[in-house]
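The values are calculated or read from the model by the stated rules, or taken from the named source; none is laboratory data. This one's a predicted model, so the numbers in the text were calculated from it and none came from an experiment. Here the Cβ is made from the backbone with ideal geometry for all residues, glycine too, and neighbour counts use every protein chain on show. Note: areas computed on protein heavy atoms with side chains; ligands, DNA, RNA excluded. Shrake-Rupley method; radii C 1.70, N 1.55, O 1.52, S 1.80 Å.
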Amino acid sequence: MTVGDILGDLTTLATLRIRLCSSEEYSDEWSDTYVRKLVKQLLKKYNQPTLAKISPLAQSAISKIANNKYDAKISRDKCQAFGKWYTLFVKQQKSDEEATESRLTFHTDLELPRMRQWYRENGNATTPQLQAYLDELNSGHFRQERRRVTLRKLKNWWKNERQRERKKQAVKTDVTDNNRTSECDSSEVVAKQREHMPVQSTSGQQEYMSLPDASYQSFAPLVSAAMAVAPPLGAASLSHEQGWDA
């Protein structure tokens with residue numbers, strides 16, 4: 001069935017024209033009104049010659065738009081060309097800003113101490129509170145001739161500071177646990193040594209005895225010194241019986 005069959009006799013009275021357009025070829029977003037609005041916004045940051053160099057619009061058209069003297073409607077092709085350029089331009093601007101933020105650093109004496117004090121007082125600061133801190137940072141004399149700190153940069157610092165605090169706490173916990181383990185191991189070793197402390201018997205053989213805690217600490221050095229100097233009693237008796245010089 002064709003369009004003629006559907007419309008019947010209406011085709012003899014009117015002509016129906018159908019045009020298929022892809023979304024990339026035309027978009028209602030990039031209309032004459034929207035392009036004029038964006039041009040005026042861009043002129044707040046760039047002058048007319050600069051905007052004419054980086055955008056597809058001529059300087060004469062930009063000037064007329066700025067002064068509300070562009071009476072003709074901006075063509076669809078120009079609107080689409082401007083839309084494609086503006087989309088890429090915004091992406092590039094965002095990429096450049098992120099790269100600039102990554103290179104931005106805080107002053108070690110004028111800014112970081114204040115920021116750490118704020119963090120200690122309010123580690124879970126809300127966005128309005130961070131904005132207040134941000135305004136105070138950017139109002140300082142250090143930032144008057146330098147790039148201003150952005151809210152995203154301050155939020156990232158807040159997040160990194162929270163991670164640093166957690167790592168410090170984890171390290172302290174590990175050190176405390178290791179110290180406790182070492183103390184327990186040392187106590188077990190001392191107890192075993194105390195239970196099996198060697199003592200020289202009259203037969204020349206080593207025997208072992210147990211001592212109380214306080215006695216072990218005081219007698220252990222004396223017994224060790226005596227064992228190193230005096231010969232075994234059994235050997236001394238044997239040499240006397242056989243007539244040897246001791």
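Apply 1/(1 + (r/R0)^6) to the Cβ-Cβ distance of S139 and Q92, taking R0 = 25 Å, and write down the FRET efficiency to the nearest 0.05. In this case the efficiency is close to 0.25.
Across the stretch 117-131, coupling constants 3J(HN,Hα) worked out from phi with the 6.51/-1.76/1.60 Karplus curve, θ = phi - 60°, read 5, 4, 5, 5, 7, 8, x, 10, 5, 7, 4, x, 5, 5, 5 Hz, and Gly and Pro carry x.
Think of the stretch 45-188 as having a plus end and a minus end, set by charges on the Cβ of Lys, Arg, Asp and Glu; of W85, L154, A99, W85 sits farthest toward the positive end of this dipole.
Computed from label points 7 Å out along Cα-Cβ, the spacing between R148 and A72 is 4.0 nm.
Remark: the stretch 127-177 carries 72 Å² of accessible area per residue (probe radius 1.4 Å; ligands, DNA and RNA excluded).
Think of each Lys and Arg Cβ as +1 and each Asp and Glu Cβ as -1; about the Cα centre, that makes the dipole of the stretch 49-149 roughly 560 debye.
Projecting the Cα atoms of P113, N68, A58 onto the dipole axis of the stretch 24-125, where Lys and Arg carry +1 and Asp and Glu carry -1 at the beta carbon, places N68 farthest toward the positive end.
Once both labels are positioned 7 Å from their Cα atoms along Cα-to-Cβ, the gap between L38 and N160 label points is 3.4 nm. In a fully extended conformation the segment linking T176 and I54 would gain 37.8 nm over its present Cα-Cα distance, using 0.36 nm per residue.
Note that the stretch 148-157 has calculated 3J(HN,Hα) couplings of 6, 6, 9, 5, 5, 5, 5, 5, 5, 5 Hz, one per residue in order, obtained from phi through the Karplus relation 6.51 cos²θ - 1.76 cosθ + 1.60 (θ = phi - 60°); glycine and proline are x.
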